[in-house]
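Worksheet: the structure to be examined is printed underneath.
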Amino acid sequence: MARQVLLTLNGETSAFDLARLDRSKLYGGRRRVVVDDTGAECARGLLSEDGSVLLPPGCTADLYLDETFNVVERSDLRAVDAEGNPVTPVESTLGVAVPLEGPVPPSRLLDHVTPTVYTLDPAELADGLKAALAAGQIFEGRFAYRDGFDAQTLFLVQNDVGVFALVGRPTGFEMIRRTTPVPEPADEEEDLFEDDLDFGMM
Amino acid sequence: MPRFLNITDDRARDAQVEVTGPAKPPKRSFVGPKGNAAKSTRLVKTTEGRDLVGLTRTFPDGEELARALVRGDPEIDLEQVGRRVGNANQVWIGPEGKVLYAARALKVVTDAAGAETSRDDFVDVEATVLEDAALPWTGRLLPVDRVVRSFALVQKLQLRHINGLTFDFLHEIAKNLQEKQRMLFVGAGDKGGGPLIFQRNGSPYRGFLEGRADADGFLLVLHLSNLELKRP
């Protein structure tokens with residue numbers, strides 16, 4: 001059985017089945033395909049710098065290696081921050097009761113960038129939360145889909161068609177004053193919009 | 001290199017302003033059990049002609065392939081397996097396993113069920129957000145509550161001033177929006193009805209401008225959405 005999102009408000013726990021809301025499910029999709037002169041689809045591969053080795057798809061493997069070229073299993077990895085301090089692992093919140101905070105104002109949601117959206121189907125909806133969502137209230141909680149090192153923020157929202165979980169992290173945007181210093185130029189490699197083709201809205 | 005965009009206010013005045021993205025998540029690196037640094041590395045697993053597809057091409061008969069695998073190691077390129085991939089060029093490989101020197105790009109469209117509906121020559125779609133073309137004031141003001149319930153705001157840009165004049169310009173826009181408790185719908189084109197595309201072949205977005213202001217400061221954020229809160 002798929003794990004559920006369990007959310008607790010005022011001592012009552014509600015359970016939701018979640019499904020990722022993908023653009024292709026709503027709008028269809030568009031993709032760029034490369035074909036040869038017969039119209040057959042081609043695959044993307046790698047050619048070594050000297051041109052001597054051709055690596056079709058599936059010919060490479062990603063492993064964690066230390067400085068002595070020894071493999072480190074993913075289960076043995078530990079995360080550290082920029083100063084080398086250990087980062088506490090975060091366990092998945094699926095199947096674990098997470099307390100909700102709120103209701104929060106819409107500005108709290110606007111202070112986060114939420115690129116991940118789930119549709120939530122109530123398996124067990126407590127009366128208090130049901131009434132609050134129907135009244136248009138927004139709630140906030142912790143969320144981690146899988147074990148890792150960073151939990152994100154979940155916002156619980158209801159509209160005319162159902163209940164949604166909007167998951168993301170704070171934008172970090174602050175009020176600008178006349179004396180606010182100009183931000184450092186972004187790294188050349190960093191692009192605000194490093195994304196692939198997507199024409200679902202056109 | 002800072003990114004700029006050109007925006008218009010409700011009095012048809014336009015100005016070029018700077019935009020910045022959200023804060024990056026904290027950088028993490030990994031160490032092994034003994035505390036030594038561990039990095040993700042891409043290694044060669046097998047090479048062309050030695051994967052199942054290639055071996056089947058070389059030994060079309062299954063029995064012959066099985067004998068070859070027992071006799072020797074045709075699936076392993078002892079010179080290459082386990083090497084770092086390093087700097088490599090991306091290439092297109094045809095069905096016969098050969099590198100393509102002349103390729104044709106197509107745009108394939110599928111419906112929500114995943115079925116292909118059309119297949120045409122791929123044509124580049126140019127950016128619609130340009131530094132020297134002002135995004136118009138559409139005048140379409142939407143309640144904040146309606147926007148957050150209707151759209152997934154998947155990307156955000158903060159608008160920043162570049163001099164004293166643009167500070168006042170942006171402050172006034174933010175104050176205007178805050179007083180009305182509304183977000184401005186932002187789009188490209190003369191009337192603002194087109195999608196916002198920030199780079200060639202980039203994702204198209206709808207934009208919603210939010211403003212907050214106090215006596216000597218402002219926060220003006222362009223929220224971008226390419227996903228409605230609807231059920232399939």
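The values are calculated or read from the model by the stated rules, or taken from the named source; none is laboratory data. Bear in mind that the values here come from a model prediction, so they are computed numbers and not experimental data. Backbone-built Cβ (ideal geometry, glycine too); neighbour counts: all protein chains shown.
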Filtering the range B:151-174 down to residues that are at the interface with chain A (Cβ under 10 Å from one of its Cβ atoms) and assigned to a helix (DSSP H, G or I), which residue is nearest to B:L209 (Cα to Cα)? B:A174
So is A:S75 surrounded by 17 or more Cβ atoms within 10 Å (Cβ to Cβ) and of a type in the set (G, A, S) or not? no
The residue that is surrounded by the fewest Cβ atoms within 10 Å (Cβ to Cβ), considering only those in the range B:197-213 that are modelled with pLDDT of 95 or more and among the charged types (D, E, K, R), is B:R212
Spot the failing condition for A:F155; the list is (1) free of Cβ contacts under 8 Å to residues at least 60 places away in the same chain; (2) farther than 23 Å from A:P105 by Cβ, and only one is missed. (2)
Only one residue in A:T88, A:T68, A:T93, A:T38 is under 30 Å from B:S225 (Cβ atoms) and either part of a loop (DSSP other than H, G, I, E, B) or in contact with a Ser or Thr (Cβ under 9 Å, 6 or more places away or on another chain) (or both). Which one? A:T93
Taking strands (runs of 3 or more DSSP E) that do not extend beyond the range B:68-134, which have at least 2 residues that are over 21 Å from A:G45 (Cα atoms) and facing another protein chain (nearest Cβ under 7 Å)? B:104-110
Could you check, for the range A:178-190, whether at least one of its residues is modelled with pLDDT of 95 or more, in contact with a strand residue (DSSP E or B) (Cβ under 7 Å, 6 or more places away or on another chain) and not hydrophobic (A, V, I, L, M, F, W, C)? no
Would you mind finding the one in B:L78, B:L130, B:L159 that is buried (at least 17 other Cβ atoms within 10 Å of the Cβ) and on the phi < 0 side of the Ramachandran plot? B:L159
Checking B:R146 against (1) within 19 Å of A:D111 (Cβ to Cβ); (2) surrounded by fewer than 17 Cβ atoms within 10 Å (Cβ to Cβ); (3) under 22 Å from the mean Cα position of the chain (by Cα); (4) of a type in the set (K, R), the condition it does not meet: (3)
Quick check, is B:E48 modelled with pLDDT under 90 and surrounded by 14 or more Cβ atoms within 10 Å (Cβ to Cβ)? yes
Before we move on, is B:R231 more than 12 Å from chain A (Cβ to nearest Cβ) and surrounded by fewer than 17 Cβ atoms within 10 Å (Cβ to Cβ)? no
Of the candidates A:L154, A:L110, the one satisfying the condition of being buried (at least 18 other Cβ atoms within 10 Å of the Cβ), under 12 Å from the mean Cα position of the chain (by Cα) and within 14 Å of another protein chain (Cβ to nearest Cβ) is A:L154
If a residue has to be under 28 Å from the mean Cα position of the chain (by Cα), loosely packed, with under 13 Cβ neighbours inside 10 Å and outside any strand (DSSP E or B) to count, how many in the range A:44-64 make the cut? 1
Cβ pairs under 8 Å, 6+ apart or interchain, first in the range B:5-29 and over 30 Å from A:R78 (Cβ atoms) and within 14 Å of chain A (Cβ to nearest Cβ), second of a type in the set (V, I, T) and part of a strand (DSSP E or B), ordered by first then second residue, are B:L5/B:V17; B:L5/B:V19; B:V17/B:I7
Please verify whether B:G97 is surrounded by fewer than 11 Cβ atoms within 10 Å (Cβ to Cβ), over 30 Å from A:P105 (Cβ atoms) and small (G, A, S), treating the condition exactly as stated. no
